[in-house]
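A quick write-up on the structure given underneath.
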Amino acid sequence: MDVTTQPPLGLLAELTHRCPLHCPYCSNPVELVARRDELDTATWLRVLSEAREIGVLQVHMSGGEPLARPDLPELVAHATELGCYVNLVTSGLGLTEARLADLVERGLAHVQLSVQGADPARADRIAGARAFEHKLVAAELIRAAGLPLSVNVVLHRQNHDQVAGIIALAERMGADRLELANTQYYGWALRNRDLLMPTPEQLAAAEPVVREATERLRGKMEIIYVVADYHERYPKPCMYGWGARQLTVAPNGDVLPCPAATAIETLKLANVARSSIREIWYDSESFNAYRGEDWMQEPCRTCDRRSIDFGGCRCQAFLLTGDAAATDPVCSRSPRREVVDLVLAAPRTQTDLVMRGPKAAAR
Ligand code: SF4
Ligand code: FES
């Protein structure tokens with residue numbers, strides 16, 4: 001065990017990959033975990049206990065759609081009894097007054113609700129399902145239950161022009177927090193990069209709208225705005241460092257240092273069937289692969305920003321250069337920055353969004 005490794009704060013529990021939506025920006029892997037390979041209830045209860053034992057205080061019940069799991073109430077109750085703050089990350093589809101009341105009774109503390117657009121036509125087109133009206137109802141239920149509500153919106157070329165409308169919608173929903181995060185190009189989303197990458201004009205138009213709203217709504221609704229990193233000079237401090245704060249357990253029990261880490265084909269993943277969460281967090285090959293700074297190459301190794309952004313994103317480095325230890329090519333100091341510039345300059349050839357779904361996944 002490396003004595004400098006700190007305990008994890010959060011667990012992203014991906015209970016299932018099943019989902020009623022078909023968003024083309026989905027960051028889940030192209031190959032989804034099938035229902036028959038999902039962890040059973042007893043194993044999830046053990047995972048939660050082991051995670052708490054090594055320090056986890058926040059549990060994000062996520063997916064796919066976590067409401068697709070009938071044992072969600074039991075898992076929420078167990079995590080709460082362990083002393084964790086439990087957050088539900090949901091599309092809102094399947095959330096009824098009775099189900100929410102049960103979850104609240106068992107200790108659910110917070111809900112993150114995804115929204116795809118500012119109006120039914122656009123939102124439902126992006127979700128690939130009639131979802132918008134369900135989300136309005138879900139937001140009402142969440143507020144009526146007295147839970148804090150975060151609205152999460154993935155931004156991209158197909159909805160970036162709606163930023164003002166989306167902010168107004170989140171206000172109407174009574175959100176305490178609105179996260180406007182540009183698409184990250186991992187998993188399924190990478191297939192649709194051509195049609196998801198916002199234009200420079202869209203980014204320029206959104207910036208003053210977000211700035212004005214952030215000021216106007218200060219103290220009422222917090223707005224987090226994350227620009228597409230392909231357009232930045234320096235990369236994001238992805239995960240605040242590899243294996244530093246949070247772990248993800250995938251529906252089949254694979255334990256990931258980052259939710260997108262299955263993208264790194266060279267990474268040998270640990271699984272809860274073979275090792276405890278403690279062993280995996282402290283001693284596994286995958287969690288130690290990019291911890292600290294020893295793995296860094298130049299220019300990161302001697303860069304004055306290495307404790308700020310940790311060399312950027314390992315998944316992006318792998319997807320764009322084939323080497324997960326390379327400097328994130330988004331960085332203007334990376335010798336491979338041209339990979340990103342070429343993507344930005346390339347003509348857009350894709351004509352149709354490839355919607356997320358099991359059929360498309362099989363192809
Ligand atoms: Fe960050 Fe590496 Fe770029 Fe320096 S060279 S800014 S550490 S990604
Ligand atoms: Fe995996 Fe950035 S998304 S390290």
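Read-outs: derived from the displayed coordinates by stated rules, not from any lab. For clarity, every value in this text was computed on a predicted model and none was experimentally measured. Glycine also receives a Cβ, built like all others from the backbone with ideal geometry; neighbour counts cover every protein chain displayed.
Of Trp295, Ala345, Ser334, which is farthest on the positive side of the dipole of the stretch 240-363, counting Cα position, with +1 on Lys and Arg Cβ, -1 on Asp and Glu Cβ, and the Cα centre as origin?
Highest projection toward the positive end goes to Ala345.
Taking the Cα centroid of the stretch 38-92 and of the stretch 200-263, what is the distance between the two, rounded to the nearest whole Å?
Each part's Cα centre sits 23 Å from the other's.
Could you size up the charge dipole of the chain around its Cα centre, putting +1 on the beta carbon of Lys and Arg and -1 on that of Asp and Glu, and report it in debye to the nearest 20?
500
Along Cα→Cβ, 7 Å out, is where each label goes; now give me the distance between the ones at Val137 and Val343 in nm to one decimal.
So the two model labels end up 3.8 nm from each other.
Starting from 0.36 nm per residue, how many nanometres of slack lie between Tyr85 and Val209 once their C-alpha separation is accounted for?
Difference between extended and current length: 41.3 nm.
Taking every DSSP beta bridge with both residues inside the stretch 156-304, roughly what % is antiparallel (nearest 5)?
45
Of all DSSP beta bridges located in the chain, what percent are antiparallel, nearest 5?
10
Check each of the trypsin sites (Lys or Arg not before Pro) in the stretch 63-171 and keep only those in coil by DSSP with at most 12 other C-beta atoms within 10 angstrom; list them in order.
Here the trypsin sites (Lys or Arg not before Pro) that fit, given the DSSP loop and packing criteria, are Arg130.
Could you tell me the largest-minus-smallest coordinate of the C-alpha atoms of the stretch 110-222 on each of the three principal axes, in descending order and whole angstroms?
Reported extents, whole Å, longest axis first: 41, 32, 24.
Return, for the Cα atoms of the stretch 10-231, the radius of gyration and Dmax in Å, separated by a comma.
For the stretch 10-231, the Cα radius of gyration and maximum Cα-Cα distance read 17.5, 51 Å.
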